[in-house]
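Asker: Here's a structure for you.
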Amino acid sequence: MATHSDVPVDDLTHVAEAERRLFATVRAVDDTTVRTPSLLPGWTIGHLLTHLARNADSHRRRTAAAVAGVVVDQYPGGIAERSAEIEDGHGRDAAVILEDVAVSSARMLEAWVDVPAHAWAGITRDATGRERRLDELPGRRVQEVEVHLVDLGIGITHRDWPDEFVTARLPLMRADLAGRLPAGAVAPPFGSLDPRDELAWLYGRLDRPDLPLLGPWQ
């Protein structure tokens, strides 16, 4: 692999580790479990796993486009297409969903291995319309997997987040905090919370009476 400064070497290592943790967590999911409600309102475990598969596909598509020097939407039909694909896929048998997750993940990781060093500076576009450099996507996928591992509600909690994930994401999530606080609310001083608790709160995955309810994050 090239070692040009644009290559997100650490994130590529961390995303491969996150995918392995995902598979280790869900490999025993059966047809009953896949239809069990997740911790996300309105979504079953099947919804979440289907979302992760389609998210991986979206990273692969945007990677191929960036290498070719073009910008494409994360999902060709936008948020509506994303939602439709999740609804269409969540009711499949567990074995089919797990295979989908495995194949989509492997293809995504393979696509990132083959990116020329200069192409990591290419521009991609999120489902929200926000533009990001290609070298941000592996870190974004780590975030997607780690947060949704907690949302699955089948054993992993925010206390299980790897140190490197907490260290990398906490400053980024703190940066947007002021705009997410309710009017008149005061955030706890930085460093006063356990880092994993603070990050879970910033992701909307920790609800405590001493912490204000935050607006959405991106």
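Read-outs: derived from the displayed coordinates by stated rules, not from any lab. Everything numeric in this text was worked out from a predicted model, so none of it was measured. Positions of Cβ are generated from backbone atoms using ideal geometry, with glycine treated the same way; all protein chains shown enter the neighbour counts.
Asker: Return the calculated 222 nm mean residue ellipticity for the chain, to the nearest 500 deg cm²/dmol, obtained by summing -39500 (n - 2.57) across DSSP H runs with n ≥ 4 and dividing by the residue count.
Answerer: Helix contribution divided over all residues of the chain: -16500 deg cm²/dmol.
Asker: With +1 assigned to the C-beta of every Lys and Arg and -1 to the C-beta of every Asp and Glu, and no other charges, what is the dipole magnitude of the stretch 158-218 about the Cα centre in debye, to the nearest 20?
Answerer: Computed about the Cα centre, the dipole is about 160 debye.
Asker: Report, by chain and number, residues whose modeled amide H sits under 5 Å from the one on residue 43, excluding near sequence neighbours (fewer than 5 apart, same chain).
Answerer: 38
Asker: Find the eigenvalues of the gyration tensor of the Cα atoms of the stretch 9-156, then list the square roots of 5 times those eigenvalues as equivalent ellipsoid semi-axes, largest first, in whole angstrom.
Answerer: Working from the Cα gyration tensor, I get semi-axes of 26, 17, 12 Å.
Asker: So which trypsin sites (Lys or Arg not before Pro) in the stretch 14-100 pass both tests, a DSSP loop state and at most 16 other Cβ atoms within 10 Å of the Cβ?
Answerer: 27
Asker: OK, next. Taking 8 Å as the Cα distance limit and 6 or more residues as the minimum spacing, I'd like the relative contact order of the stretch 1-124 as a percentage.
Answerer: The value is 38 percent.
Asker: Which of the trypsin sites (Lys or Arg not before Pro) across the stretch 100-186 are loop residues per DSSP, with 14 or fewer other Cβ within 10 Å?
Answerer: 130
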